[in-house]
Amino acid sequence: MSKKRLDDTSKFLSYVLRHEPQAIGLQLDSEGWAGVDALIEGAARDGRQLTPELIAEVVASNDKKRFALSEDGQRIRAVQGHSSKTVSLQLAEQQPPAVLYHGTATRFMDSINENGLIPGARHHVHLSQDMTTAEAVGQRYGKVVILKIAAQDMQAQGFKFYQAENGVWLTDQVPVGFIETLL
Ligand code: HQG
């Protein structure tokens, strides 16, 4: 399978499994699961040929492990990053490391310094364990800024942290007092 085909399919799966399932007439349950057959049928209506083999290869080869298949292979979901209102992942609260990182762009900093980090269209604020990942995330939006988040201090104050299946840390918001701007 070409890398381009895998990347294109990964982008399509992110779009329908996180954001717009209705674009192809797909139903997600509250845990984000869709039937693999229904996904293939919906994609076909959109003129896109998917096969169970292609889907399995995208899931297995995905750099960020964005998707998961159910044990029986019949269902698929995105493990984080959702904006779709029908999805509400039941995530177990976890103890975060002392420090987590968030990569963003300089143009958002006035608003972040005023309002803290807020989820935007997605369900959570996304945080990384390492600065390299945070840097890559921030670069998507412009000149990058890395923010250091005092995650354990936040948790001690009652803020909840969750970890998605792929290791991405999630929280509802980060108030200004827990954010240090690094660069
Ligand atoms: C910013 C990718 C103004 C926030 C990544 C970010 C991640 C504010 C943007 C995942 C703000 C939202 C999520 C405030 C936050 N004022 N801007 N008060 N608070 N922002 O894409 O974290 O490759 O929804 O800094 O790797 O960039 O798709 O979130 O720049 O894990 O799997 O608002 O998406 O994963 O942008 O990225 P996003 P994100 P995938």
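Bear in mind these aren't lab numbers, they're just calculated from the coordinates by the rules spelled out. Keep in mind the model is a prediction, meaning the values are calculated, not measured. Glycine also receives a Cβ, built like all others from the backbone with ideal geometry; neighbour counts cover every protein chain displayed.
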Discussion item. Please give the Cα centre distance for the stretch 71-118 versus the stretch 127-156, rounded to the nearest Å.
Written reply: 11
Discussion item. How much length would be gained if the chain were fully extended between residue 130 and residue 159, taking 0.36 nm per residue of separation minus their Cα-Cα distance, in nm to one decimal?
Written reply: 8.4 nm
Worksheet entry | Helix-only [θ]222 nm of the chain, DSSP H runs n ≥ 4, -39500 (n - 2.57) each, per residue, nearest 500 | -8500 deg cm²/dmol
Item to complete: Quick one: among 29, 72, 153, which has the greatest mean-square fluctuation in a GNM of the chain with alpha-carbon springs under 10 angstrom?
Response: 72
Discussion item. Let me spell out the model: positive unit charges on the Cβ of Lys and Arg, negative unit charges on the Cβ of Asp and Glu, origin at the Cα centre of the stretch 64-156. What dipole size does that give, in debye rounded to 20?
Written reply: 420
Fill in: Tilt relative to the chain, helix 52-61 - C-alpha long axis, 0 to 90 degrees, to 10
20
Worksheet entry | the chain, Cα convex hull volume normalised per residue, Å³ | 124
Response to the item:
For residue 116, other-chain or 5+-apart residues with amide H closer than 5 Å (H placed, Pro excluded) are 176
Worksheet item: Given H placed 1.01 Å from N in the peptide plane, which residues other than close sequence neighbours of residue 145 have an amide H under 5 Å from its amide H?
Response: 104, 105, 106
Fill in: Phi to ³J(HN,Hα) by Karplus 6.51 cos²θ - 1.76 cosθ + 1.60 over the stretch 8-20, Hz, x for Gly, Pro
4, 5, 4, 5, 4, 5, 4, 4, 7, 8, 10, 10, 10
Worksheet item: Among all stretches of the chain without exposed trypsin sites (Lys or Arg not before Pro) (DSSP loop, at most 16 other Cβ atoms within 10 Å), which one is longest?
Response: 1-47
Practice prompt. For the stretch 1-88, just say rounded, prolate or oblate: build the C-alpha gyration tensor, square-root its eigenvalues into a ≥ b ≥ c, call rounded for a/c under 1.5, and beyond that prolate if a/b exceeds b/c, oblate if not.
Written response: rounded
Worksheet item: What is the dipole size for the chain, taken about its Cα centre, with +1 at each Lys and Arg Cβ and -1 at each Asp and Glu Cβ, in debye to the nearest 20?
Response: 480
Worksheet entry | With Cα atoms, 0 to 90° folded angle of helix 36-45 axis to the chain main axis | 80
Discussion item. Modelling each spin label as a point 7 Å along the Cα-to-Cβ direction, I'd like the residue 141/residue 107 distance in nm, to one decimal.
Written reply: 1.1
Fill in: Gain in span if fully extended, residue 181 to residue 53, counting 0.36 nm per residue against the direct Cα distance
41.7 nm
